[in-house]
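Q: First, the structure itself, so that you have it in front of you.
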Amino acid sequence: MTPRIPILELEGALLVTVQVDLDDQLAVQLEEDLGAALARSSARGIIIDISGLELVDTFLSRILAQIASMSRVLGAEAVLVGMRPAVAVTLVELGMTLDGVSTALDIDRGIARLHALLAESP
Amino acid sequence: MPSEREFWPLKATRDVGDARRAVHAAARSAGFRSADAVRLATAASELGRNAVIHGKGGRMTLERLDEGAGIRLEFRDEGPGIPDIEQALVDGFSSTGSMGFGLGGARRLVHSFQIESGAGEGTRITVVRWRR
Amino acid sequence: MRRPADTDFPKGLYMISDLIGENAEALLDDWLEAADRVSRARPELAHERRLQARSFIEQLGQSIDDDTRPEDVRSAPWSGVRETLDAIVDTHLDEGKAPADIAFFVMSIKRPLHRLLVMRGGEPDDMLRVIWRVDLIVDRLGLYTAEIQIRRKEQVIARQQEEILELSSPVVQVWDGVLAVPLIGTLDSYRTQQVTETILEAVVETRSEQVILDITGVPTVDTQVAHHLLKTVAALRLMGAEAIVSGIRPQIAQTMVHLGVDLGQVVTKARLSDALKLAFRRGGLLVSGGAAN
């Protein structure tokens with residue numbers, strides 16, 4: 001059985017905390033699981049905490065961008081929180097600025113940002 | 001002193017994770033600053049995935065230079081090769097729909113980047129990053 | 001005339017090692033006297049210098065041999081001699097001596113060594129050869145002191161570069177959640193990379209969401225500098241922080257327009273105070289002017 005990243009539901013949002021280096025398959029699995037969870041629950045937001053991630057490459061950043069667009073299609077919003085400085089500079093040098101993805105410093109601020117985004121959207 | 005070399009297989013995408021973790025650990029233990037270790041490991045991730053997906057599998061050789069002042073990585077595959085290297089290094093170019101920023105991006109994360117490839121001859125990419 | 005080759009030297013004839021060992025005190029006096037004639041050591045350092053010179057002679061006596069070759073002074077058995085030279089160089093540098101003086105001091109041991117060898121006597125041919133040999137060895141040691149000095153200077157330069165880097169990009173926490181970074185001087189690519197990393201680390205440490213990059217102290221903003229600013233702003237956004245670029249003087253704005261430099265979506269303010277007001281407002285802080293005018 002493929003290992004999975006657990007998805008928690010917290011204050012009307014789905015919370016994912018990535019603590020291990022994400023292999024490609026695990027990342028693809030997470031995207032699918034999040035889509036299914038959004039469809040199933042009443043949650044209208046996703047918070048992905050990547051403060052435990054040492055490395056994000058172009059593959060994973062594409063998956064993260066896809067999760068954000070998918071959420072919007074499903075009438076929800078996604079916020080990426082806790083990106084490490086070394087990861088941020090490397091992604092910028094790679095040319096991956098994730099323009100369509102909302103971000104926040106930590107989970108608390110991520111939740112606040114999510115509420116603000118949901119208040120703006122119709 | 002003979003230089004230590006490590007070999008990492010690149011047969012499946014799962015191997016890419018092992019290889020990049022090894023690069024990150026080697027760079028940190030050689031005294032690379034945090035962001036520099038991540039830069040090199042991210043380049044390894046891009047190039048490793050290229051060897052798996054585009055090159056149909058290969059291997060990575062990790063070598064410490066000048067007692068850890070630098071790290072050299074070599075990615076070899078026996079795949080179809082890259083017919084137009086210049087084009088492959090352009091950001092956003094992808095022949096498989098997944099590698100757009102991979103090669104060009106990886107080149108920006110290292111201090112030296114060499115690529116040898118020809119149609120039907122496989123690809124060898126060698127990169128070096130110094131500790132600074 | 002037959003030119004005596006190094007290999008012709010009869011081994012063990014002079015027993016230089018014993019010669020130096022047995023006459024260490026006399027050699028020391030002779031050497032320091034000769035050195036003092038050229039440049040006298042500061043009185044408070046004279047004692048230190050004598051101790052160091054004595055341990056140099058001791059180490060030399062233990063390492064040298066009748067068949068020592070000049071290049072041997074770099075080998076492992078000579079590490080003791082090299083260490084005493086390190087100490088001698090440091091003392092002289094503390095005294096403010098010029099590089100040539102330090103090498104000269106070490107090389108001024110030649111005459112006292114010659115005198116010792118002449119005292120032992122022997123065939124003129126042998127004596128000439130042993131003196132040549134000793135001279136070449138001492139020359140190498142003199143050269144080595146020059147190398148130590150270069151290395152010391154390089155260390156100083158590297159340390160100063162680090163210090164300049166720290167001084168030129170102080171990350172100031174002006175309020176809870178608000179950082180201000182006055183960027184000063186030319187932004188070359190290596191320095192900006194480090195400055196960017198320092199700013200991002202400070203964002204994590206202070207949990208700041210607002211970052212003001214003030215470029216009042218940057219003399220020119222060309223495409224390269226603009227590119228660096230954009231990259232820093234993009235990295236900050238990825239982490240969940242917001243950037244404001246302030247301190248764009250009219251001349252700089254004009255140059256940027258001429259050069260076609262585009263800061264795109266980046267929020268810019270002419271003055272640092274305007275950037276602060278915006279940062280406070282974004283951070284949900286109320287700024288009330290006591291004496292509004």
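Every number in this text was worked out from the coordinates using simple rules, so none of it is lab data. These figures come from a predicted structure and were not determined experimentally. Quick reminder, even Gly has a Cβ in these numbers, built from the backbone with ideal geometry, and neighbours come from all protein chains shown.
Q: Let me know the volume per residue of the alpha-carbon convex hull for region C:6-163, in Å³. The partial results should precede the final answer.
A: On the way: hull volume 17.7 nm³, N = 158.
Measuring per residue, one finds 112 Å³ for the Cα hull of region C:6-163.
Q: In nm, give the distance between the simple-model label positions of C:Arg74 and C:Asp86, each being 7 Å from the Cα along the Cα-to-Cβ direction.
A: Going by the 7 Å Cα→Cβ label model, 1.8 nm.
Q: On a C-alpha basis, how far is the centre of region C:200-230 from the centre of region C:35-74 in Å? Whole number, if you could?
A: First find each Cα centre; the distance between them is then 54 Å.
Q: Quick one: Karplus J couplings for region A:35-43, per residue in order, coefficients 6.51, -1.76, 1.60, θ = phi - 60°, nearest Hz, x for Gly and Pro?
A: Residue by residue, region A:35-43 yields x, 5, 5, 5, 5, 7, 9, 8, 5 Hz.
Q: Between A:Glu54, A:Glu77, A:Glu93, which gets the highest mean-square fluctuation from a Gaussian network model of chain A, Cα cutoff 10 Å?
A: A:Glu93
Q: Quick one: if the Förster radius is 56 Å, what FRET efficiency do C:Asp18 and B:Phe7 give, using the C-beta to C-beta distance and rounding to 0.05? All intermediate terms of the calculation are to be shown ahead of the outcome.
A: Working: r = 56 Å, r/R0 = 1.00.
Result of the calculation: an efficiency of 0.50.
Q: I'd like the FRET efficiency for C:Thr220 and B:Ala69, computed as 1/(1 + (r/R0)^6) with the beta carbon distance as r and R0 of 30 Å, rounded to 0.05.
A: On the way: r = 34 Å, r/R0 = 1.14.
The pair C:Thr220/B:Ala69 has a calculated efficiency of 0.30.
Q: When a/c is below 1.5 the answer is rounded, else prolate if a/b is larger than b/c, else oblate, so apply that to chain C with a ≥ b ≥ c taken from the square roots of the Cα gyration tensor eigenvalues.
A: On the way: a/c = 4.19, a/b = 3.39, b/c = 1.24.
In terms of gyration-tensor shape, prolate.
Q: Counting pairs of alpha carbon atoms under 8 Å apart in space and at least six apart in sequence, what relative contact order in percent does chain B give? It would help to have the intermediate numbers written out before the result.
A: Numbers: 273 pairs, mean separation 34.5, N = 132.
Worked out over chain B, it gives 26 percent.
Q: Points 7 angstrom from Cα along the Cβ direction at C:Ala270 and C:Arg111: gap in nanometres?
A: Taking the two extended label points, one gets 7.4 nm.
Q: Still on this structure, please answer the following. Taking Cα centroids, how far is region C:119-181 from region A:47-94 in Å?
A: Value for the Cα centre distance between the two parts: 48 Å.
Q: Hey, what do the phi angles of region C:127-136 turn into as Karplus ³J(HN,Hα) couplings, whole Hz, using 6.51/-1.76/1.60 and θ = phi - 60°, x for Gly and Pro?
A: 5, 4, 5, 5, 5, 4, 4, 4, 4, 4
Q: Still on this structure, please answer the following. Checking the cross-link filter: which lysines have an alpha carbon closer than 19 Å to that of B:Lys11, excluding same-chain neighbours under 8 positions apart?
A: List returned: B:Lys56.
Q: In chain C, which longest range has no trypsin sites (Lys or Arg not before Pro) that are both DSSP loop (not H, G, I, E or B) and surrounded by at most 15 other Cβ atoms within 10 Å?
A: Values: sites that count: C:Arg2, C:Lys11, C:Arg40, C:Arg207, C:Arg271.
Value returned for the longest uninterrupted segment is C:41-206.
Q: Then there's this: In whole percent, what relative contact order does chain A give with Cα contacts below 8 Å and a gap of six or more residues? Don't skip to the answer; put the middle values down first.
A: Working: 183 pairs, mean separation 29.3, N = 122.
Relative CO of chain A lands at 24 percent.
Q: Follow-up. C:Lys277: which lysines have alpha carbons under 20 Å from its alpha carbon, excluding same-chain residues fewer than 8 sequence positions away?
A: C:Lys269
Q: Okay, moving on. Which value, in Å³ per residue, describes the convex hull spanned by the Cα atoms of the protein assembly as shown? Let's see the in-between values first.
A: Values: hull volume 145.8 nm³, N = 547.
In the protein assembly as shown, the Cα convex hull volume per residue is 267 Å³.
Q: Moving on to the next point. How much FRET efficiency would the formula 1/(1 + (r/R0)^6) give for C:Arg249 and B:Trp130, where r is the Cβ-Cβ distance and R0 is 51 Å, rounded to 0.05?
A: Working: r = 37 Å, r/R0 = 0.73.
For R0 = 51 Å, the calculated efficiency reads 0.85.
Q: Next up: Quick check: convex hull of the Cα atoms in region C:84-153, volume per residue, rounded to a whole Å³?
A: Values: hull volume 5.4 nm³, N = 70.
In region C:84-153, the Cα convex hull volume per residue is 76 Å³.
Q: Now a separate question. What translational D, rounded to a whole number of µm²/s, comes out for region C:172-282 from Stokes-Einstein when the hydrodynamic radius is the Kirkwood one over Cα pairs, at 20 °C and 1.002 mPa s?
A: Translational diffusion coefficient: 154 µm²/s.
Q: Taking square-rooted eigenvalues a ≥ b ≥ c of the alpha carbon gyration tensor, is chain B rounded, prolate or oblate, where a/c under 1.5 means rounded and, failing that, a/b exceeding b/c means prolate? Don't skip to the end; give the middle numbers.
A: Numbers: a/c = 1.79, a/b = 1.57, b/c = 1.14.
Since a/c reaches 1.5 and a/b is larger than b/c, the shape of chain B is classed as prolate.
Q: What average number of partner chain Cβ atoms lie no more than 10 Å from the Cβ of the residues making up C:197-205? Before the final figure, lay out the partial values.
A: Working: counts 8, 1, 1, 8, 5, 1, 3, 7, 0.
Mean shielding count: 4.
Q: Would you kindly derive the ³J(HN,Hα) couplings of region C:55-61 from the backbone phi angles with the Karplus curve 6.51 cos²θ - 1.76 cosθ + 1.60 (θ = phi - 60°), listing them in order in whole Hz, with x for Gly and Pro?
A: Result, rounded to whole Hz: 5, 5, 5, 4, 5, 4, x.
Q: Give the relative contact order (percent, whole number) for chain C; include only Cα pairs under 8 Å separated by 6+ residues. Before the final figure, lay out the partial values.
A: Working: 315 pairs, mean separation 37.7, N = 293.
Relative CO of chain C lands at 13 percent.
Q: Suppose each label sits 7 Å from its Cα in the direction of the beta carbon; what would the C:Asp125-B:Lys56 distance come out to in nanometres?
A: With each label point 7 Å from Cα toward Cβ, the separation is 7.7 nm.
Q: Using Cα centres only, tell me the gap between region B:1-61 and region A:1-36 in whole Å.
A: 25 Å
Q: Another question, then. Once amide H atoms are built 1.01 Å from N in the peptide plane, which residues 5 or more positions from A:Gly45, or in another chain, come under 5 Å H to H?
A: Here A:Leu14, A:Glu77 satisfy the definition.
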